[in-house]
Amino acid sequence: MIYIISGVVNEGKTGRMVSIYNRLGQGDGFVSTKIFANRGQEEFCGYEIRRLNTGEKKVLAFKAAYVPGKWDEACCFGPFCFSRAAFEFAESIIVDILQRGVEPIFIDEIGPLELSGGGFSTILQDVLKTGQDVYISVRNHCVQDVLEKFNIREYRIKKVSEIDNEND
């Protein structure tokens with residue numbers, strides 16, 4: 001089954017995925033957590049990928065103004081520049097999960113970059129072919145496009161605003 005955790009920006013999709021992972025006590029995957037810079041005050045500057053089972057992290061993306069020197073850029077999309085190493089890290093996580101038959105799989109987040117064929121689109125396609133249980137987070141306005149692009153037919157949508165903490 002494909003479980004889609006949907007919500008708007010900053011509604012708590014990532015937190016909900018971590019909560020479900022912790023409650024289930026099984027599975028693996030990754031979430032994309034926010035990075036903040038301190039330029040006199042906390043300022044959102046990008047995202048990092050964090051593997052659920054190990055806590056290992058890699059920087060995924062920075063806003064253009066925060067991109068460091070020697071940045072191994074895979075692409076820029078919207079206000080963000082994405083790291084090639086982070087996409088390779090995400091792929092290695094999924095390859096490991098699939099080889100070990102771990103279930104469910106968590107992928108945070110599928111959105112406009114994936115709809116354009118970039119980002120985690122190949123990873124998601126590989127995971128969907130397995131028939132395993134998968135949790136993905138998707139912004140509300142992208143859900144229908146994600147269902148169509150990735151040919152997802154059997155799914156349950158869980159809106160962050162409607163999820164009961166005990167019955168995620």
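So the values come out like this:
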read-out: Residue match in the stretch 132-143 (condition: outside any loop (DSSP other than H, G, I, E, B), buried (at least 23 other Cβ atoms within 10 Å of the Cβ) and of a type in the set (Ser, Thr, Tyr)); value: yes
read-out: Boolean, residue 5 is in contact (Cβ under 8 Å) with a residue 24 or more places away in the chain and over 22 Å from residue 134 (Cβ atoms); value: no
read-out: Which numbered condition residue 115 misses (of (1) in contact with an Asp or Glu (Cβ under 6 Å, 6 or more places away or on another chain); (2) closer than 19 Å to residue 29 by Cα); value: (2)
read-out: Residue count for the stretch 54-83, restricted to those that are over 15 Å from the mean Cα position of the chain (by Cα) and in a loop (DSSP other than H, G, I, E, B); value: 9
read-out: Residue in the stretch 3-16 that is of a type in the set (A, V, I, L, M) and over 23 Å from residue 140 (Cα atoms) present; value: no
read-out: Selection from the stretch 18-48 of residues that are out of contact with any Ser or Thr (no Cβ under 6 Å at 6 or more places or on another chain), closer than 20 Å to residue 82 by Cβ and either in a helix (DSSP H, G or I) or β-branched (Val, Ile, Thr) (or both); value: 33, 35
read-out: Filter result for the condition that a residue is among the acidic types (Asp, Glu), in a helix (DSSP H, G or I), at pLDDT 95 or above and surrounded by fewer than 12 Cβ atoms within 10 Å (Cβ to Cβ), over 91, 148; value: 148
read-out: Meets criteria (at pLDDT 95 or above and crowded, with 16+ Cβ neighbours inside 10 Å) for residue 160; value: no
read-out: Filter result (within 23 Å of residue 78 (Cα to Cα), polar (S, T, N, Q) and in contact with a helix residue (DSSP H, G or I) (Cβ under 9 Å, 6 or more places away or on another chain)) within the stretch 97-130; value: 121, 122
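The values are calculated or read from the model by the stated rules, or taken from the named source; none is laboratory data. Just so it is clear, the structure is predicted and the values come from calculations on it, not from any experiment. Here Cβ is always computed from backbone atoms with ideal geometry, including for glycine, and neighbour counts include all displayed protein chains.
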